[in-house]
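The values are calculated or read from the model by the stated rules, or taken from the named source; none is laboratory data. Predicted model, so just to flag it, every value in this text is computed and none were measured. Cβ sites come from the backbone with ideal geometry, for glycine too, and all protein chains shown count toward neighbours. To get the accessible areas, we keep the full protein, side chains included, count just its heavy atoms, and leave off ligands, DNA and RNA. Shrake-Rupley method; radii C 1.70, N 1.55, O 1.52, S 1.80 Å.
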Amino acid sequence: MTSKALSIQARHCLASLGVWASLTHPAAAQTPLQVTELRTEYQVNPVGIDVRAPRLSWKIESSRRGTVQTAYQIRVAPQPSALERRPLWDSGRVASDASIHLVYGGPALESGQRYYWQVRVWDDAGRSSPWSASAYWEMGLLRPSDWTADWVTPDLKEDTAASNPSPMLRADFRVDGAVASARAYVTSLGLYEMELNGRRIGDQLFRPGWTAYDKRLQYQIYDVTALLVPGANAVGVTLGDGWYRGRLAWGNKRNSYGTQLALLAQIVLRYADGHQQVINTGKGWKAATGPIRWSDIYDGESYDARRERDGWSRPGYHDSDWAPVRVLDHSKQILVAPAGPPVRRIQELKPVKLLITPSGDTVFDIGQNMVGWVRLKVRGPRGTTVRLRHAEVLDRKGDFYTDNLRSARQTVEYTLKGGGEEVYEPHFTFQGFRYVAVQGYPGTPTLDDITGIVIHSDMTPSGTFETSNPLLNQLQHNIVWGQKSNFLDVPTDCPQRDERLGWTGDAQAFAPTAAFNFDVAGFFTKWLADLAADQKASGSVPHVIPDVLSRGQAEGGGSTGWADASVIIPWTVYLAYGDTRILESQYESMRAWVEYMRRLAGDDLILDSGFARTAQVLGKAEHARQYRALFERIKAAFDREYLTAGGRLSSNTQTAYALALAFDLVPEQSRREAARRLAEDVRRFKHLTTGFLGTPYLNPVLSSSGNLDDAYALLLRDQYPSWLYPIKQGATTIWERWDGEKPDSSFQDPEMNSFNHYAYGAVGAWLYNTVAGIEIDPERPGYKHVFIRPQPGGGLTHVSASLTTMYGTVASAWEIRDGQVTLEVTIPPNASATVSLPGAILERVTESGTPLGNAAGINSTRQVGDTVVVEVGSGHYRFVYVRR
């Protein structure tokens with residue numbers, strides 16, 4: 001292995017398991033059996049969940065190869081001190097190898113209560129672990145009656161046809177006594193930012209998030225104990241239009257969900273002596289406007305620092321001239337705790353260049369197409385206004401280019417108050433950009449005066465992928481940044497123009513890749529609940545979720561490929577995380593979509609194949625039988641209508657062959673010919689001809705049908721159309737069009753030309769599955785059992801990939817040097833793998849320098865054609881052989 005590849009493996013595989021010494025020195029003492037990384041509903045110590053039977057998961061550490069859990073014991077208590085002697089629930093010793101999604105089985109859980117838990121396990125060698133360190137979860141408010149606060153709306157004059165100044169709401173209260181704990185339960189119509197005694201509460205952005213607001217409105221829970229002081233206290237909340245009543249979709253469409261912003265909040269104080277105090281929103285609150293003159297997701301924000309109200313969220317502020325609030329009659333029945341991660345500031349990027357364009361604009365180049373905003377640092381006279389415009393690209397003359405933003409202004413204006421250095425970040429808007437044009441800056445700006453603030457849903461990174469080809473590494477970079485840019489509370493199509501909607505087709509195409517790059521279980525769980533909520537009574541699924549295009553209409557959506565998200569994404573989450581509950585919760589939505597299509601006698605058979613498998617997993621045998629039979633009947637009709645006896649599809653396109661083969665619509669006797677025609681078409685064009693729906697399946701079908709070289713040829717092509725062409729043009733994210741920027745540096749149609757659109761990045765799943773060789777076993781999902789079967793090609797000399805799974809790190813790294821292949825594999829405890837060594841001869845394979853038959857942790861070996869197949873348990877393995 002090259003030193004670079006080895007360092008990657010050491011970093012991603014060995015270090016992550018913490019067993020370097022035992023892996024490199026087999027005789028070293030084994031590390032003890034330990035339980036780590038306790039999670040509740042995918043989260044570490046979550047505060048505020050409303051799942052009444054939470055699922056508990058953990059990971060196991062052990063350097064012994066082949067470690068399998070054989071039993072576990074969980075105990076739960078309201079206090080850590082009660083875990084041992086007075087647990088609320090003790091599972092007892094349960095004989096099982098299950099270590100993920102174990103359902104809490106104790107007494108009913110109470111609103112606002114924190115519960116502590118720990119676990120110990122036994123393994124197949126008879127060892128028992130010590131009890132883990134305790135973790136906890138805290139319940140939210142489980143019943144509407146738990147909400148004693150009133151919805152309030154500021155009694156301010158507004159023009160609801162435009163973006164208005166952001167309202168500020170405040171109230172004073174007293175703390176009398178020693179506070180043991182305090183929680184703030186908060187939601188709003190619109191977006192909110194909350195302060196307590198002059199300090200911002202939490203680091204979450206764009207709360208309460210974007211959901212199907214009429215049916216599901218999220219609330220957040222904050223631990224505010226440390227922000228309270230004895231005596232006088234004050235709370236302040238700023239509201240923004242956001243998705244609720246800001247501009248959405250096309251034209252000047254506003255007020256999609258309502259015309260009035262509102263706040264619902266209650267702060268619950270639990271004193272050391274046991275009594276409780278609740279501070280609620282109600283008639284005593286006051287409202288005013290301040291420095292945010294307008295703020296809109298598409299258009300940007302105008303902030304006048306001269307209008308700041310110093311001390312407004314601190315006690316003692318004089319609010320006698322503030323307006324009252326009105327109590328608003330709005331439902332509390334629809335309130336839900338968040339299932340997905342919040343949006344946060346994730347990283348900061350400094351500009352790499354400051355340039356003057358041919359047209360005279362002063363432009364900062366961040367060096368990366370990103371989503372968020374810039375932090376502005378400025379000094380100047382009071383009343384000076386600095387204007388920041390945002391764009392993804394410069395045109396071929398080098399000028400600032402914004403035509404592809406359509407009507408989205410993406411402009412931020414900051415008016416100085418004067419008197420020293422001022423630092424500003426926007427509040428209720430975000431931009432998609434690489435370049436920032438600055439106007440009105442007092443003096444000469446420097447690279448230190450702006451900083452790019454990258455924001456997205458705070459998903460945990462889970463995958464790494466690197467090869468010997470720098471262009472492919474950049475492709476992976478672009479795929480990841482496309483996901484970071486568009487997974488902002490919902491999976492948007494693009495982050496810059498006047499759209500930014502949750503298009504279902506884009507999401508379903510990209511979902512498998514998304515699950516390699518980040519932990520998206522919670523993110524998709526939240527979004528799929530909105531899909532089910534916004535689904536039409538007929539079963540039709542709207543084009544975008546949340547539904548702002550056909551909202552209020554009896555019908556809308558129902559497009560195959562797009563509405564398929566209702567079935568494909570739950571199945572993807574099930575496979576990646578072993579999550580059967582997502583199938584249970586989405587089952588009626590999935591079934592409703594299939595039945596809708598059956599009633600329309602549609603020819604989309606993709607759904608029926610996938611759905612039958614879901615019914616089978618859930619034990620719905622009769623449904624599974626019905627849908628499998630339906631699939632077979634319609635498959636026969638499809639073949640009669642669209643497939644000739646010679647294996648030619650009537651449409652004869654790459655997308656048609658890729659989809660028909662991927663979803664088993666072609667009878668066995670015709671599959672070879674259909675695959676040959678697909679490969680022939682690829683060779684004839686010498687490039688792909690697919691769009692959003694066909695692209696994810698093109699390379700997988702080629703490689704699985706014996707046309708691996710053709711798949712690699714597509715992957716490595718660097719002329720239009722291809723994945724690498726945008727990279728040669730300087731792209732740092734995935735484009736919406738294969739030729740968003742043409743070879744002559746002119747642009748495609750600005751009406752539909754995003755330079756940050758993740759759908760074509762769906763090839764990322766194939767990079768992990770085939771190039772690196774990490775595959776899910778559908779029969780044992782969640783990577784309980786893994787297939788490691790890399791298929792080298794394309795002149796690559798080394799590839800390394802790792803994935804953090806529910807069980808721990810799975811990794812695969814291969815190198816070819818002078819005909820010798822080295823494959824390093826890491827499998828976490830309580831999981832196993834089937835490893836395929838292409839081009840190997842059984843008797844000539846070694847593992848960690850030992851003949852294969854003598855190596856520890858290997859359960860069986862066999863020769864299958866020109867491939868050696870090895871069954872292994874957990875551990876790190878190093879296979880070496882000379883390719884035949």
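General observations
- Test result for ARG883, of a type in the set (Lys, Arg), under 24 Å from THR770 (Cβ atoms) and surrounded by fewer than 22 Cβ atoms within 10 Å (Cβ to Cβ): yes
- On inspection, ALA161 passes the criterion of being more than 28 Å from the chain's Cα centre (by Cα) and at pLDDT below 95.
- If you filter segment 286-311 down to residues that are in contact with a Phe, Trp or Tyr (Cβ under 9 Å, 6 or more places away or on another chain) and part of a loop (DSSP other than H, G, I, E, B), you find that the one that is surrounded by the most Cβ atoms within 10 Å (Cβ to Cβ) is ILE297.
- Of all residues assigned to segment 774-787, none qualifies as being more than 30 Å from SER57 (Cβ to Cβ), at pLDDT 95 or above and assigned to a strand (DSSP E or B).
- Among residues of segment 732-760 that are free of Cβ contacts under 8 Å to residues at least 12 places away in the same chain, those with a Cβ under 8 angstrom from a residue that is small (Gly, Ala, Ser), sequence gap 6+ or separate chain, pair up as GLN748/GLY740.
- In segment 577-594, the residues that are open to solvent by less than 10 Å² (accessible area, probe 1.4 Å), within 16 Å of PRO778 (Cα to Cα) and assigned to a helix (DSSP H, G or I): ILE582, LEU583
- SER407 vs. criteria within 30 Å of TRP527 (Cα to Cα), polar (S, T, N, Q) and buried (at least 16 other Cβ atoms within 10 Å of the Cβ): no
- Only one of the numbered conditions (1) farther than 29 Å from VAL121 by Cβ; (2) outside any strand (DSSP E or B); (3) of a type in the set (A, V, I, L, M, F, W, C); (4) open to solvent by 10 Å² or more (accessible area, probe 1.4 Å) is violated by MET806, and that is (1).
- Qualifying residue in segment 487-494 (condition: among the hydroxyl-bearing types (Ser, Thr, Tyr), in a loop (DSSP other than H, G, I, E, B) and surrounded by 24 or more Cβ atoms within 10 Å (Cβ to Cβ)): yes
- Filter result (in a strand (DSSP E or B) and of a type outside the set (S, T, N, Q)) within segment 242-279: ALA262, LEU263, LEU264, ALA265, ILE267, VAL268, LEU269, ARG270, TYR271, VAL278, ILE279
- Within segment 163-177, restricting attention to residues that are in a loop (DSSP other than H, G, I, E, B) and within 21 Å of GLN266 (Cβ to Cβ), the residue that is least open to solvent (accessible area, probe 1.4 Å) is GLY177.
- Residue within segment 830-837 that is closer than 10 Å to TYR881 by Cα, of a type outside the set (Gly, Ala, Ser) and surrounded by 14 or more Cβ atoms within 10 Å (Cβ to Cβ) present: yes
- Residue among LEU239, LEU228, LEU189 that is in contact (Cβ under 8 Å) with a residue 24 or more places away in the chain and surrounded by fewer than 24 Cβ atoms within 10 Å (Cβ to Cβ): LEU228
- Enumeration of residues in segment 718-729 that are open to solvent by 20 Å² or more (accessible area, probe 1.4 Å), outside any helix (DSSP H, G or I) and in contact with an Asp or Glu (Cβ under 8 Å, 6 or more places away or on another chain): TYR720, GLN729
- For segment 105-113, the count of residues that are closer than 18 Å to LEU38 by Cα and among the aliphatic types (A, V, I, L, M) is zero.
- Contacts under 6 angstrom Cβ, first residue in segment 143-159 being on the phi < 0 side of the Ramachandran plot and hydroxyl-bearing (Ser, Thr, Tyr), partner outside any loop (DSSP other than H, G, I, E, B) and open to solvent by less than 30 Å² (accessible area, probe 1.4 Å), 6 or more apart: THR153/ALA262
- Beta carbons closer than 6 Å, at least 6 apart along the sequence or on distinct chains, pair a first residue in segment 433-448 that is assigned to a strand (DSSP E or B) with a second that is among the β-branched types (Val, Ile, Thr) for ARG434/ILE366; TYR435/VAL363; VAL436/VAL374; ALA437/VAL363; VAL438/THR362.
- Some residue of segment 356-365 being outside any strand (DSSP E or B), touching a residue at least 12 places away in the same chain (Cβ under 8 Å), open to solvent by less than 40 Å² (accessible area, probe 1.4 Å) and closer than 21 Å to LYS742 by Cα: yes
- Residue among THR259, THR281 that is modelled with pLDDT of 95 or more, open to solvent by less than 10 Å² (accessible area, probe 1.4 Å) and β-branched (Val, Ile, Thr): THR281
- Which listed residue, of GLY463, GLY419, is under 30 Å from GLY794 (Cβ atoms), among the small types (Gly, Ala, Ser) and open to solvent by 10 Å² or more (accessible area, probe 1.4 Å): GLY463
- Of the criteria (1) of a type in the set (A, V, I, L, M, F, W, C); (2) within 20 Å of PHE518 (Cα to Cα); (3) part of a loop (DSSP other than H, G, I, E, B), which one LEU796 fails: (2)
- Residue count for segment 653-676 satisfying the condition of being within 11 Å of ASP639 (Cβ to Cβ), assigned to a helix (DSSP H, G or I) and either among the aliphatic types (A, V, I, L, M) or open to solvent by less than 40 Å² (accessible area, probe 1.4 Å) (or both): 3.
- One residue from THR36, THR40 being in contact with a Phe, Trp or Tyr (Cβ under 9 Å, 6 or more places away or on another chain), of a type in the set (S, T, N, Q), on the phi < 0 side of the Ramachandran plot and open to solvent by less than 20 Å² (accessible area, probe 1.4 Å): THR40
- Qualifying residue in segment 52-60 (condition: crowded, with 21+ Cβ neighbours inside 10 Å, at pLDDT 95 or above and under 26 Å from ARG878 (Cβ atoms)): yes
- Residue check, ASP608 modelled with pLDDT under 90 and either among the charged types (D, E, K, R) or open to solvent by 30 Å² or more (accessible area, probe 1.4 Å) (or both): yes
- Within segment 840-868, residues that are under 13 Å from ARG878 (Cβ atoms) have Cβ atoms under 6 Å from residues that are among the polar types (S, T, N, Q) in these pairs: LEU852/THR861, counting only partners at least 6 apart in sequence or on another chain.
- Residue check for GLN204: under 25 Å from THR525 (Cα atoms) and open to solvent by 20 Å² or more (accessible area, probe 1.4 Å): yes
- Screening PHE787 on (1) crowded, with 21+ Cβ neighbours inside 10 Å; (2) among the aromatic types (Phe, Trp, Tyr); (3) within 21 Å of TRP571 (Cβ to Cβ) shows it passes everything except condition (1).
- Selection over segment 736-764 of residues that are open to solvent by less than 10 Å² (accessible area, probe 1.4 Å) and over 22 Å from ALA249 (Cα atoms) gives a count of 4.
- Conditions (1) in a strand (DSSP E or B); (2) closer than 29 Å to PHE692 by Cβ; (3) aliphatic (A, V, I, L, M); number of the one not met by ALA813: (2)
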